1. Among residues belonging to region 21-31 that are touching a Phe, Trp or Tyr at 6+ places or on another chain (Cβ under 8 Å) and in contact (Cβ under 8 Å) with a residue 60 or more places away in the chain, point out the one that is nearest to Thr47 (Cα to Cα).
2. Among the residues of region 47-66, count how many are under 15 Å from Met85 (Cα atoms) and in contact (Cβ under 8 Å) with a residue 40 or more places away in the chain.
3. Tell me which residues, restricted to region 81-102, are free of Cβ contacts under 8 Å to residues at least 12 places away in the same chain and under 15 Å from Phe27 (Cα atoms).
4. Which condition number in (1) at pLDDT 90 or above; (2) within 14 Å of the chain's Cα centre (by Cα) is the one that Gln35 fails?
5. Residues of region 1-22 being surrounded by 14 or more Cβ atoms within 10 Å (Cβ to Cβ) and at pLDDT 95 or above, which ones?
6. Filter region 90-106 down to residues that are surrounded by fewer than 19 Cβ atoms within 10 Å (Cβ to Cβ) and assigned to a helix (DSSP H, G or I), then give me how many there are.
7. From the residues in region 1-26 that are under 11 Å from Gly74 (Cα atoms) and part of a helix (DSSP H, G or I), which one is nearest to the chain's Cα centre (by Cα)?
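The values are calculated or read from the model by the stated rules, or taken from the named source; none is laboratory data. Everything quoted here is computed from the prediction, not taken from an experiment. No Cβ is skipped: glycine too gets one built from the backbone with ideal geometry, and neighbour counts run over all protein chains shown.
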Amino acid sequence: MSKTLLTAEQITQEVIDGWKKTHDKIFKYQTEDKQKTAYFKNPDMSTIEASSVIASTKPMQSNKVLAKACFLGGDTDVFEEPKYMLGLGKKLQKLVEVVEGELEEL
């Protein structure tokens with residue numbers, strides 16, 4: 001998150017289209033009360049690994065690592081305030097794209 005991040009109000013369709021060109025899939029998270037909105041990309045392998053290592057002992061911290069690493073813009077409260085992080089944590093696995101396959105013995 002080294003760049004200047006945009007607030008939820010500054011994020012336009014043009015910004016989202018630019019993110020899609022860079023990151024392929026973009027995810028919008030909006031709290032149930034419609035008070036907070038944040039945008040995320042898929043995590044890279046190092047983020048998934050870091051999150052997985054932390055998950056065994058600190059699941060909430062693992063969710064926060066994943067959220068912060070994938071965060072593109074919007075309201076940072078979604079991973080800074082516990083009441084929002086608890087809700088977001090339930091949805092974060094949708095960021096991790098999994099393609100299943102078959103393994104057969106030859």
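1. Kept after step one, since they are touching a Phe, Trp or Tyr at 6+ places or on another chain (Cβ under 8 Å), are these residues of region 21-31: 26-29, 31.
With the extra rule that they be in contact (Cβ under 8 Å) with a residue 60 or more places away in the chain, the set shrinks to 27, 29.
Details: Phe27: 17, Tyr29: 19 Å.
Filtering region 21-31 for residues that are touching a Phe, Trp or Tyr at 6+ places or on another chain (Cβ under 8 Å) and in contact (Cβ under 8 Å) with a residue 60 or more places away in the chain, the one nearest to Thr47 (Cα to Cα) comes out as Phe27.
2. The number of residues fulfilling the criteria is 0.
3. Of everything in region 81-102, those that are free of Cβ contacts under 8 Å to residues at least 12 places away in the same chain and under 15 Å from Phe27 (Cα atoms) turn out to be Lys90, Gln93.
4. The single condition Gln35 does not satisfy is (2).
5. Going through region 1-22, the residues surrounded by 14 or more Cβ atoms within 10 Å (Cβ to Cβ) turn out to be 5-6, 8, 11, 15-16, 19.
Ile11, Val15, Ile16, Trp19, listed by residue number.
6. The first filter runs over region 90-106 and keeps only residues surrounded by fewer than 19 Cβ atoms within 10 Å (Cβ to Cβ), leaving 90-91, 93-94, 96-106.
Applying the additional criterion that residues be assigned to a helix (DSSP H, G or I) yields 93-94.
Of the residues in region 90-106, 2 are surrounded by fewer than 19 Cβ atoms within 10 Å (Cβ to Cβ) and assigned to a helix (DSSP H, G or I).
7. Ala8
Here is a yes/no grid of residues against (1) touching a helix residue (DSSP H, G or I) at 6+ places or on another chain (Cβ under 7 Å); (2) touching a residue at least 12 places away in the same chain (Cβ under 8 Å); (3) of a type outside the set (A, V, I, L, M):
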residue	(1), (2), (3)
Glu9	no, no, yes
Gln13	no, no, yes
Trp19	no, yes, yes
Asp33	no, no, yes
Asn42	yes, yes, yes
Met45	no, no, no
Lys68	yes, yes, yes
Phe79	yes, yes, yes
